[in-house]
Every structure is written in structure tokens, then in C-alpha cells.
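Reading through the C-alpha cells given below for one structure.
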Amino acid sequence: MDRAKRIEAALRSYMERDDSAPLLNESMAYGLLDGGKRIRPQLMLLVTAMLGGDEERAMPFACALEMIHCYSLIHDDLPAMDDDATRRGKPSNHVKFGEGNAILAGDGLLTKAGLLLLSQNGYDDAKRAIFEGAYAMVSGQSDDLNLRERSAEALERIHLNKTGALFRAACAAGAYLSDPGQADAMRAFGDSLGLLFQMTDDVLDEEKDRSENKLTYVTFYGIDETKKRIEAEYDRAKAILAPFSGDAAEMLRNLISALRSRTY
């Protein structure tokens, strides 16, 4: 079974039905299961494997991170935030269940992530990295929501946090679960991946973002400069991986190549 399928099976096992709150359970499962590319948990497992750790030991940590990511998507889609009616090809959580229930579904997934991490023995640095990433993500969302300046510094700060924080958390936690001495290098790799993901996203969403006057790499720097920055970030990520070999390292190289050239 490939990693994405193993992650999906593990997530499903952690979402065993709670009959005391059936609607909450249903809306949480709707936001978590049967969708998404599972990039962040796969990233954590691959970093763990590359550095000689046990992927199965890392699985609960990876699933907790994905719960945090999915909670953020539910809340991002709310009318008070990005006001998106669809997610992953189906109605957004608040469209299907109502705004109040969608807020609670996000709250529930964040809380379940914390409970899952608390149930794991040891690896406190990995747990801390995950929740530091979660808080940094929320900080970036707040900066974006309450934008006061349109500057290069604001753009970098927002996206190193809003998008990049969970990539950084995935890589740092993977190191703490396998070879803590590599945590700084993997944190830097996560930052590069997050920026690479965001900049390619901005290229793909250029027309929509311009119509909404969003602060993005493309609306700030223009598309040609953004593409140059994509190449620079791609080269930086490749350089961080250069000392590593093996199947997991090769899969990470394939991942950064896929992010660099993605079309959706």
C-alpha cells in the first residue's frame, strides 16, 4: 500500500464514530477524509524515512498534522474568511452543514490532533514543532486577513507562516522523529517547499487574485519575476537534499519537481 493510502487508512481509524456527537463526527470526517493530496503527512513520513526513522512510528504525528491542515481549510472556506463554496470538488463544510457546524468541525479536528499527539509517548520536540507550526499558520492567516501594508516583507512573512508553517512543521517533526541533528536543515527545506508551493499557486491563480486585489507573489512582483523566484527556491530545496540518498530522498526530489511544475 502506498503512503497516501496508508495515511488515509490511518486517518479513518482515528475517526471512529463517536455516537455522543454524530453530527460533529460526520462534519469532521467530511472535512478530513476522502480528499486531498496528503502532501504534508507524506512529507513528514518521507523525511523520517530519509533520516533513518520508523515511518509507522511517525504515522500518528503525520495524521495529527493533517487534521490541523484540514481544520484550517474548513475555517478558510467560511464566509468570514475566503468565502469559498467548494473544496476538493464538493461543497465546502459550511455549505453542507452550516457555518456553526463547520466552525465546530474545525475546532474538533484541532482538538483531536492534540489528543492524538498526547497519546504518543516521547518525542516532545516533534509535538512542539507541529503545534508551533499550527500557531504560525494562524498568525499568517491573521496577517493576511488584517493586511495593513503591501510590501515584500509582508508578503514573505504571510506566506512563510500561512502556507509554509505546516510544511516546516512536517519536515522538522520528521527530523525529530529520526535524527534531531538534521532538524534545522529540514526546517529550511520545509520553508523552501512552502514558498515553492505558494508561488506556483500564485501563478495558477493569477487572474482570480488580480481581480480580488490580493497580495501575492504575482500581483507584487509580476509573473516573470515570480517564475524566477520559483526556480531559485527549487534550486535551494534541491541543494538541501543533495547530501542525502536512498528511495525516500529520491521521492522528495520528485516531490519538489512536481511542485515546481504543477498545473493545479
Open item on the list: Need the failing condition index for H69 against (1) buried (at least 16 other Cβ atoms within 10 Å of the Cβ); (2) under 14 Å from the mean Cα position of the chain (by Cα); (3) part of a loop (DSSP other than H, G, I, E, B), just the number.
Closed with: (3)
- [ ] Could you tell me which of the residues G52, G35 is out of contact with any His (no Cβ under 6 Å at 6 or more places or on another chain) and either at pLDDT 95 or above or basic (K, R) (or both)?
- [x] G52
- [ ] Considering only the range 174-191, state which residues are crowded, with 24+ Cβ neighbours inside 10 Å and under 13 Å from the mean Cα position of the chain (by Cα).
- [x] G190
Open item on the list: Any residue at all in the range 228-249 that's of a type outside the set (F, W, Y), crowded, with 17+ Cβ neighbours inside 10 Å, in a loop (DSSP other than H, G, I, E, B) and at negative phi?
Closed with: no
TODO: Please verify whether the range 19-32 includes one or more residues that are of a type outside the set (A, V, I, L, M, F, W, C), modelled with pLDDT of 95 or more, buried (at least 20 other Cβ atoms within 10 Å of the Cβ) and closer than 26 Å to F197 by Cα.
DONE: yes
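The values are calculated or read from the model by the stated rules, or taken from the named source; none is laboratory data. It should be emphasised that the depicted structure is a prediction, and the values quoted were computed from it without experimental measurement. All Cβ positions, even for glycine, are placed from backbone atoms using ideal geometry, and neighbour counts span all protein chains on display.
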